[in-house]
Amino acid sequence: PVGGLPLLDVKEAGFTATSWALKSSLDRVGAVALCIVLSPILAGIALAVRVSSPGPVLFRQKRVGRHGQEFTLLKFRTMYQGAHQQRDALLAHNDHDGVLFKIRKDPRITPIGRFLRRYSLDELPQIWNVLTGTMSLIGPRPPLQSEVDAYPADLRRRRLLVKPGMTGLWQVSGRSDLSWEETIRLDLEYVENWWVLLDAAVVWKTFRAVTSGRGAY
(Lines give C-alpha, C1' and ligand atoms only; values in the text may rest on other atoms or scores of the structure.)
Protein backbone atom coordinates (compact mmCIF):
# COMPACT_ATOMS: atom_id res chain seq x y z
CA PRO A 1 0.00 0.00 0.00
CA VAL A 2 1.23 3.49 -0.94
CA GLY A 3 -0.65 6.57 0.23
CA GLY A 4 -3.63 4.40 1.11
CA LEU A 5 -3.76 2.80 -2.34
CA PRO A 6 -2.96 -0.88 -3.06
CA LEU A 7 -0.29 -1.06 -5.77
CA LEU A 8 1.34 -3.96 -7.62
CA ASP A 9 5.01 -4.07 -8.64
CA VAL A 10 5.27 -5.79 -12.04
CA LYS A 11 8.77 -6.81 -13.11
CA GLU A 12 9.99 -7.89 -16.54
CA ALA A 13 10.66 -11.62 -16.69
CA GLY A 14 14.26 -12.58 -17.28
CA PHE A 15 17.40 -14.14 -15.90
CA THR A 16 19.93 -12.36 -13.72
CA ALA A 17 23.58 -12.69 -14.69
CA THR A 18 24.13 -15.18 -11.87
CA SER A 19 21.14 -17.38 -12.71
CA TRP A 20 21.99 -17.31 -16.41
CA ALA A 21 25.59 -18.38 -15.72
CA LEU A 22 24.36 -21.17 -13.44
CA LYS A 23 21.87 -22.49 -15.98
CA SER A 24 24.43 -22.36 -18.81
CA SER A 25 26.97 -24.26 -16.71
CA LEU A 26 24.45 -26.94 -15.79
CA ASP A 27 23.50 -27.27 -19.47
CA ARG A 28 27.08 -27.86 -20.59
CA VAL A 29 27.89 -30.31 -17.80
CA GLY A 30 24.63 -32.20 -18.36
CA ALA A 31 25.17 -32.37 -22.14
CA VAL A 32 28.69 -33.76 -21.73
CA ALA A 33 27.42 -36.39 -19.30
CA LEU A 34 24.60 -37.38 -21.66
CA CYS A 35 27.04 -37.70 -24.57
CA ILE A 36 29.19 -40.11 -22.58
CA VAL A 37 26.33 -42.19 -21.18
CA LEU A 38 24.21 -42.32 -24.33
CA SER A 39 26.93 -42.74 -26.98
CA PRO A 40 26.15 -46.47 -27.59
CA ILE A 41 22.42 -45.69 -27.93
CA LEU A 42 23.12 -42.79 -30.28
CA ALA A 43 25.27 -45.03 -32.47
CA GLY A 44 22.61 -47.77 -32.54
CA ILE A 45 19.83 -45.34 -33.49
CA ALA A 46 21.97 -43.80 -36.22
CA LEU A 47 22.56 -47.24 -37.73
CA ALA A 48 18.86 -48.15 -37.53
CA VAL A 49 17.81 -44.92 -39.27
CA ARG A 50 20.45 -45.36 -41.96
CA VAL A 51 19.42 -48.90 -42.94
CA SER A 52 15.64 -48.46 -42.52
CA SER A 53 15.06 -46.07 -45.42
CA PRO A 54 17.04 -43.99 -47.95
CA GLY A 55 18.19 -40.61 -46.73
CA PRO A 56 20.51 -38.95 -44.22
CA VAL A 57 20.68 -40.04 -40.60
CA LEU A 58 20.14 -36.52 -39.27
CA PHE A 59 17.35 -34.10 -40.07
CA ARG A 60 18.37 -30.43 -39.98
CA GLN A 61 15.83 -27.64 -39.67
CA LYS A 62 15.96 -23.92 -39.01
CA ARG A 63 14.35 -22.98 -35.71
CA VAL A 64 14.08 -19.77 -33.70
CA GLY A 65 16.09 -19.44 -30.52
CA ARG A 66 16.70 -16.86 -27.84
CA HIS A 67 15.84 -13.26 -28.83
CA GLY A 68 14.65 -14.48 -32.25
CA GLN A 69 18.03 -15.75 -33.45
CA GLU A 70 17.76 -18.62 -35.95
CA PHE A 71 19.81 -21.79 -35.50
CA THR A 72 19.98 -25.26 -37.05
CA LEU A 73 18.19 -27.85 -34.94
CA LEU A 74 19.30 -31.49 -35.20
CA LYS A 75 17.11 -34.57 -35.00
CA PHE A 76 17.32 -38.17 -36.08
CA ARG A 77 15.39 -38.41 -39.34
CA THR A 78 11.93 -39.91 -38.73
CA MET A 79 10.30 -39.24 -42.12
CA TYR A 80 10.79 -40.43 -45.66
CA GLN A 81 12.85 -38.23 -47.97
CA GLY A 82 10.87 -35.35 -49.45
CA ALA A 83 8.27 -35.46 -46.66
CA HIS A 84 8.39 -31.69 -46.14
CA GLN A 85 7.11 -31.21 -49.70
CA GLN A 86 3.87 -33.00 -48.78
CA ARG A 87 3.03 -30.73 -45.82
CA ASP A 88 0.65 -28.42 -47.65
CA ALA A 89 -1.33 -31.37 -48.99
CA LEU A 90 -1.84 -32.65 -45.43
CA LEU A 91 -2.86 -29.40 -43.73
CA ALA A 92 -6.51 -30.44 -43.73
CA HIS A 93 -5.59 -33.44 -41.54
CA ASN A 94 -3.93 -31.37 -38.80
CA ASP A 95 -4.87 -32.77 -35.37
CA HIS A 96 -3.60 -29.75 -33.43
CA ASP A 97 -5.01 -26.30 -32.89
CA GLY A 98 -3.26 -22.95 -32.93
CA VAL A 99 -0.16 -22.60 -35.09
CA LEU A 100 1.21 -26.12 -34.54
CA PHE A 101 1.00 -28.83 -37.22
CA LYS A 102 0.65 -32.39 -35.90
CA ILE A 103 -0.97 -35.52 -37.39
CA ARG A 104 -1.50 -38.56 -35.18
CA LYS A 105 -1.05 -41.03 -38.04
CA ASP A 106 1.27 -39.06 -40.28
CA PRO A 107 1.89 -41.14 -43.45
CA ARG A 108 5.27 -39.46 -43.94
CA ILE A 109 6.79 -41.10 -40.84
CA THR A 110 8.90 -44.24 -41.26
CA PRO A 111 8.31 -47.32 -39.04
CA ILE A 112 11.53 -46.72 -37.09
CA GLY A 113 10.66 -43.02 -36.99
CA ARG A 114 7.34 -43.76 -35.30
CA PHE A 115 9.16 -45.66 -32.57
CA LEU A 116 11.73 -42.90 -32.12
CA ARG A 117 9.02 -40.25 -31.85
CA ARG A 118 6.97 -42.24 -29.37
CA TYR A 119 9.87 -42.25 -26.92
CA SER A 120 11.39 -38.90 -28.03
CA LEU A 121 14.62 -40.61 -29.06
CA ASP A 122 14.69 -38.56 -32.25
CA GLU A 123 15.46 -35.48 -30.12
CA LEU A 124 18.76 -36.84 -28.73
CA PRO A 125 21.04 -35.19 -31.35
CA GLN A 126 20.01 -31.86 -29.84
CA ILE A 127 22.59 -32.60 -27.16
CA TRP A 128 24.96 -31.09 -29.74
CA ASN A 129 22.80 -27.96 -29.88
CA VAL A 130 23.14 -27.69 -26.10
CA LEU A 131 26.92 -28.10 -26.29
CA THR A 132 27.18 -25.35 -28.91
CA GLY A 133 25.02 -23.01 -26.84
CA THR A 134 22.01 -22.64 -29.17
CA MET A 135 19.72 -24.71 -26.91
CA SER A 136 19.26 -25.60 -23.28
CA LEU A 137 18.47 -28.96 -21.72
CA ILE A 138 15.25 -27.49 -20.29
CA GLY A 139 13.17 -24.73 -21.85
CA PRO A 140 10.28 -23.90 -24.20
CA ARG A 141 10.05 -25.88 -27.43
CA PRO A 142 12.09 -24.42 -30.33
CA PRO A 143 9.51 -22.92 -32.73
CA LEU A 144 9.60 -22.57 -36.50
CA GLN A 145 9.84 -19.07 -37.95
CA SER A 146 6.33 -19.49 -39.39
CA GLU A 147 5.02 -20.17 -35.88
CA VAL A 148 6.82 -17.16 -34.43
CA ASP A 149 5.42 -14.95 -37.19
CA ALA A 150 1.92 -15.94 -36.02
CA TYR A 151 2.62 -14.98 -32.38
CA PRO A 152 1.21 -11.73 -30.99
CA ALA A 153 4.05 -9.24 -30.43
CA ASP A 154 3.97 -9.56 -26.63
CA LEU A 155 4.05 -13.37 -26.75
CA ARG A 156 6.96 -13.29 -29.19
CA ARG A 157 8.99 -11.08 -26.87
CA ARG A 158 8.25 -13.00 -23.66
CA ARG A 159 8.58 -16.53 -25.02
CA LEU A 160 11.96 -15.90 -26.65
CA LEU A 161 13.63 -14.52 -23.53
CA VAL A 162 15.38 -17.86 -22.93
CA LYS A 163 16.98 -20.56 -25.04
CA PRO A 164 14.66 -23.32 -26.30
CA GLY A 165 15.05 -26.68 -24.57
CA MET A 166 15.23 -30.38 -25.38
CA THR A 167 12.43 -30.87 -22.86
CA GLY A 168 10.22 -28.56 -20.86
CA LEU A 169 7.04 -28.12 -18.85
CA TRP A 170 4.69 -28.79 -21.78
CA GLN A 171 6.54 -31.98 -22.75
CA VAL A 172 6.07 -33.45 -19.26
CA SER A 173 2.47 -32.23 -18.97
CA GLY A 174 0.84 -33.94 -21.94
CA ARG A 175 3.07 -33.25 -24.95
CA SER A 176 1.10 -33.03 -28.22
CA ASP A 177 -2.20 -33.81 -26.47
CA LEU A 178 -2.19 -30.29 -24.99
CA SER A 179 -4.00 -27.43 -26.67
CA TRP A 180 -2.11 -24.49 -28.13
CA GLU A 181 -3.17 -22.24 -25.23
CA GLU A 182 -1.95 -24.78 -22.67
CA THR A 183 1.47 -25.17 -24.30
CA ILE A 184 1.94 -21.40 -24.38
CA ARG A 185 0.83 -21.03 -20.75
CA LEU A 186 3.34 -23.66 -19.63
CA ASP A 187 6.16 -22.16 -21.70
CA LEU A 188 5.56 -18.71 -20.21
CA GLU A 189 5.26 -20.16 -16.73
CA TYR A 190 8.74 -21.64 -17.16
CA VAL A 191 10.25 -18.44 -18.58
CA GLU A 192 8.85 -16.27 -15.82
CA ASN A 193 9.46 -18.60 -12.86
CA TRP A 194 12.76 -20.35 -13.58
CA TRP A 195 14.88 -21.73 -10.79
CA VAL A 196 17.19 -24.74 -10.42
CA LEU A 197 14.65 -26.94 -8.64
CA LEU A 198 12.14 -26.35 -11.44
CA ASP A 199 14.66 -27.75 -13.94
CA ALA A 200 15.30 -30.70 -11.64
CA ALA A 201 11.56 -31.42 -11.45
CA VAL A 202 11.22 -31.28 -15.24
CA VAL A 203 14.16 -33.68 -15.71
CA TRP A 204 12.60 -36.13 -13.26
CA LYS A 205 9.19 -35.96 -14.94
CA THR A 206 10.75 -36.26 -18.41
CA PHE A 207 11.76 -39.87 -17.76
CA ARG A 208 8.18 -40.77 -16.85
CA ALA A 209 6.73 -38.89 -19.84
CA VAL A 210 9.17 -40.48 -22.29
CA THR A 211 8.73 -44.06 -21.06
CA SER A 212 4.94 -43.76 -21.15
CA GLY A 213 4.97 -42.53 -24.75
CA ARG A 214 1.68 -40.67 -24.26
CA GLY A 215 0.99 -37.62 -26.38
CA ALA A 216 3.90 -38.27 -28.78
CA TYR A 217 3.18 -38.36 -32.52
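The values are calculated or read from the model by the stated rules, or taken from the named source; none is laboratory data. Computed from a predicted structure; not experimentally measured. A quick note on method: Cβ atoms are made from the backbone with ideal geometry, for glycine too, and the neighbour counts reach across all protein chains shown. Just the protein is used for accessible areas: all its heavy atoms, side chains included, with ligands, DNA and RNA removed. Shrake-Rupley method; radii C 1.70, N 1.55, O 1.52, S 1.80 Å.
What the table below lists for this structure:
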item: q = 0.17, 0.26, 0.27 Å⁻¹, the stretch 118-191: log10 I(q)/I(0) [Debye, one scatterer per Cα]; result: -0.65, -1.34, -1.39
item: Under-5 Å amide H pairs with Phe59, H placed in peptide plane, nonlocal only; result: Lys75, Phe76, Arg77
item: The chain: angle of helix 196-212 to the longest principal axis, Cα-based, in degrees nearest 10; result: 30
item: Long-range amide H partners of Ser136 with built H, under 5 Å; result: Gly165, Met166
item: Residue-by-residue Karplus 3J(HN,Hα) for the stretch 47-57, coefficients 6.51, -1.76, 1.60, Hz, glycine and proline x; result: 5, 5, 5, 5, 8, 7, 7, x, x, x, 6
item: The chain: C-alpha pair distances exceeding 30 Å, %; result: 24
item: Solvent-accessible ranking of Phe115, Phe59, Phe207, largest area first, probe 1.4 Å; result: Phe207, Phe115, Phe59
item: Accessible heavy-atom area order of Met135, Met166, highest first, probe of 1.4 Å; result: Met166, Met135
item: Most to least accessible of Arg156, Arg77, Arg60, Arg114 (protein chains only, probe 1.4 Å); result: Arg60, Arg114, Arg156, Arg77
item: Under Karplus coefficients 6.51, -1.76 and 1.60, residue-wise ³J(HN,Hα) of the stretch 117-127 in Hz, glycine/proline x; result: 5, 4, 10, 6, 6, 5, 7, 4, x, 5, 4
item: Lys pairs, the chain - Cα-Cα below 27 angstrom, 8 or more residues apart or on other chains; result: 18
item: Gaussian network model of the chain, Cα within-10 Å springs - most flexible of Tyr190, Tyr119, Tyr151; result: Tyr151
item: Heavy-atom surface of the chain, accessible at 1.4 Å and reported per residue (Å²); result: 56
item: Inter-site label distance for Val32 and Ala17 at 7 Å from Cα along Cβ, in nm; result: 2.4
